[in-house]
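Right, one structure below, let's go through it.
The values are calculated or read from the model by the stated rules, or taken from the named source; none is laboratory data. Bear in mind that the values here come from a model prediction, so they are computed numbers and not experimental data. Cβ coordinates were reconstructed from backbone atoms using ideal geometry, including for glycine residues, and neighbour counts include every protein chain displayed. Heavy atoms of the whole protein, side chains included, go into the accessibility calculation; ligands, DNA and RNA do not. Shrake-Rupley method; radii C 1.70, N 1.55, O 1.52, S 1.80 Å.
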Amino acid sequence: GKSRPTEKGEVTAAAVCASCKVPAHGHKTLELALAWDMPGVHFGSKEKLHLRRYTRFFGSEGNAAPALSHYALTHYEEWERKIEAWQNPILENSQLPSWYKSALFNELYFLTDGGTVWMEVPPDCCAEDLQGPAGTGLSQLLPVLREYGRFAYLEGQEYRMYNTYDVHFYASFALIMLWPKLQISLQYDIAVAVVNEDVQPRQYLMCGQTTQVKMKNVVPHDIGDPGDEPWQRVNAYLMHDTADWKDLNLKFVLQVYRDYYLTRDSLYLRDMWPVCQAVMESELKFDTDNDGLIENGGFADQTYDAWVVHGASAYCGGLWLAAVCMMCKMAEVLRDTEVRQKYLDILNKGKEAFERMLWNGKYYNYDSSGSDTSSSIMSDQCAGQWFLGACGLDQGEFEVFPKSHVLSALRTIFEKNVLSFAGGTMGALNGMRPDGVPDTSSVQSNEVWIGVVYSLAATMIQEGMVEEGFRTAEGCYRTVWERLGMAFQTPEAYREKKVFRSLAYMRPLSIWSMQLALERRAGQAPAPAQPLQGPTHP
């Protein structure tokens, strides 16, 4: 019935009572559904009213709670059956350890609890409204966003930026494997941001320099601040000018091909191809000596945003070569022979430079600077190989990093960063010195990043080091979910004693890349992508 709204400070409560007769030795079930209807969202700027996805089915009047409750009561048994059908093949697999089953499904909490919004695009919206002043030429932008809406989740509950892209790179496996259309939609939003710019000036905290908020043809750091107007104004991050970051553009290219490989959505690939070419052209300026390998800029210019890098580096250099390889593969699929040859030439030069400048006989050095810490063992040095392996591009003509070098690097990481840290019980330390002492040159080199550890474990599994991969990841699960009592609020980072950082964080969703690696080993991987029929590249 009708009731008046509560006054400010007024406390109210409600009770629900149901009764039934229970026969002797019998049982009855009472069902209770709790629903709340908050259809509209204003972000901090209050410029626009956004409607949540469910309003498509239940209306936006704010009176749908009874209908939502009714729908839940009439469908929950079907939902439970479908959840069990999804989870049981993993839960009943006796080859998998129990902690892994818990981690795999329970880390998904963040997809709903991460300040998540899933919005409808207004029905009267046109492509021009979505693509910004620059125009995009994305043929599927409007159909995809109309059908699947816009999806955004925070980097973390303490780091309040939506779809932080350098971190989503790791977390995106959960979306592409479980809700692939949401990943595709998110990628379209990033592509729109790539081709547009924001010329407003901004002073950055770490360097003090003032530049424009968003440069054209570079990937944004994030899609915006919930305290402002996400999608409308991107790049809420204030620490560095991320137009000079070396990993963001590469992570877009890597995700585009990974998404295509797992979905075979050729319309998506054709739409994203010109955007991939644009961001790679922007990236090429970081190859200052034309040796086929990009150089870092002498500041923390990547996702490790407090860990300085000089010159060629294992992390960004490896991501670069993986992205160049995927450009070759996408060009092959789209039958773009000119672009394929261009990137093949770069790849051949870059592979030689990478090995010459960074390989030390056991692993890839952190960077080529020759500084006191350039020989540190980075747990994330095989990030490029991780994505290549996830896409079946890690052997034969597409072998970018020599298999023997990858295995040697992973064994070194396991020996030094895992087993030599906290007795092998807390995952992998980000940076370790060759003598088995933590790299304390940066706050981040001396941390464990849970999402990075899960991706490292996936890489180990891809390379046949299954036992080592599980042991590495188990240390993080036991630490977070058992010893620290941080279940359902997995932090970005912790140290060996007393310190953790950024509770409830996006990156640990990368555990789903472990599942992909396991499925691939079990022969469930997609077939290699073949050239598309029909017209050649756009």
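For this structure, a couple of remarks:
- PRO143 being free of Cβ contacts under 8 Å to residues at least 40 places away in the same chain and in a helix (DSSP H, G or I): yes
- Scanning region 394-406 for residues that are at pLDDT 95 or above and surrounded by 16 or more Cβ atoms within 10 Å (Cβ to Cβ) turns up VAL400, PHE401, HIS405, VAL406.
- Of everything listed in (1) without any contact (Cβ under 8 Å) to a residue 60 or more places away in the chain; (2) open to solvent by 10 Å² or more (accessible area, probe 1.4 Å); (3) closer than 23 Å to ARG160 by Cα, the single unmet condition for ALA487 is (1).
- Hey, GLY361 open to solvent by less than 60 Å² (accessible area, probe 1.4 Å), farther than 15 Å from GLU399 by Cα and not β-branched (Val, Ile, Thr) or not: yes
- Filtering region 422-439 to residues that are in contact (Cβ under 8 Å) with a residue 12 or more places away in the chain and open to solvent by 10 Å² or more (accessible area, probe 1.4 Å) leaves ALA422, THR425, MET426, ARG433, PRO434, GLY436, PRO438.
- Residue under evaluation LEU321, criteria (1) closer than 19 Å to LEU393 by Cβ; (2) in contact with a His (Cβ under 6 Å, 6 or more places away or on another chain); (3) of a type outside the set (Val, Ile, Thr), criterion not met: (2)
Yes/no matrix, rows are residues, columns are (1) of a type in the set (Phe, Trp, Tyr); (2) within 26 Å of the chain's Cα centre (by Cα); (3) closer than 25 Å to ARG258 by Cα; (4) not in a loop (DSSP other than H, G, I, E, B):
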site: ALA322; (1), (2), (3), (4): no, yes, yes, yes
site: CYS325; (1), (2), (3), (4): no, yes, yes, yes
site: GLU338; (1), (2), (3), (4): no, no, yes, yes
site: GLN341; (1), (2), (3), (4): no, no, yes, yes
site: LEU347; (1), (2), (3), (4): no, yes, yes, yes
site: GLY370; (1), (2), (3), (4): no, no, no, no
site: THR373; (1), (2), (3), (4): no, no, no, no
site: SER404; (1), (2), (3), (4): no, no, yes, yes
site: LEU407; (1), (2), (3), (4): no, yes, yes, yes
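- Contact map, region 112-123: first residue in a strand (DSSP E or B), second residue open to solvent by less than 80 Å² (accessible area, probe 1.4 Å), Cβ cut-off under 6 Å, separation 6 or more or different chains; pairs are VAL117/ALA152; TRP118/ARG53; TRP118/GLY149; TRP118/PHE151; MET119/HIS50; MET119/GLY149; MET119/ARG150.
Per-residue answers, yes or no, for (1) assigned to a helix (DSSP H, G or I); (2) open to solvent by 10 Å² or more (accessible area, probe 1.4 Å); (3) at pLDDT 95 or above:
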site: GLU147; (1), (2), (3): yes, yes, yes
site: VAL167; (1), (2), (3): yes, no, yes
site: LEU182; (1), (2), (3): yes, yes, yes
site: SER185; (1), (2), (3): yes, no, yes
site: ASP189; (1), (2), (3): yes, no, yes
site: VAL194; (1), (2), (3): yes, no, yes
site: VAL199; (1), (2), (3): no, yes, no
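- In the set (1) on the phi > 0 side of the Ramachandran plot; (2) in contact with a helix residue (DSSP H, G or I) (Cβ under 8 Å, 6 or more places away or on another chain), ASP367 fails one condition alone, (1).
Condition check ((1) under 23 Å from the mean Cα position of the chain (by Cα); (2) among the hydroxyl-bearing types (Ser, Thr, Tyr)) across all residues:
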| residue | (1), (2) |
| --- | --- |
| ASP435 | no, no |
| THR440 | no, yes |
| GLN444 | yes, no |
| VAL448 | yes, no |
| VAL452 | yes, no |
| ALA473 | yes, no |
| LEU484 | no, no |
| THR490 | yes, yes |
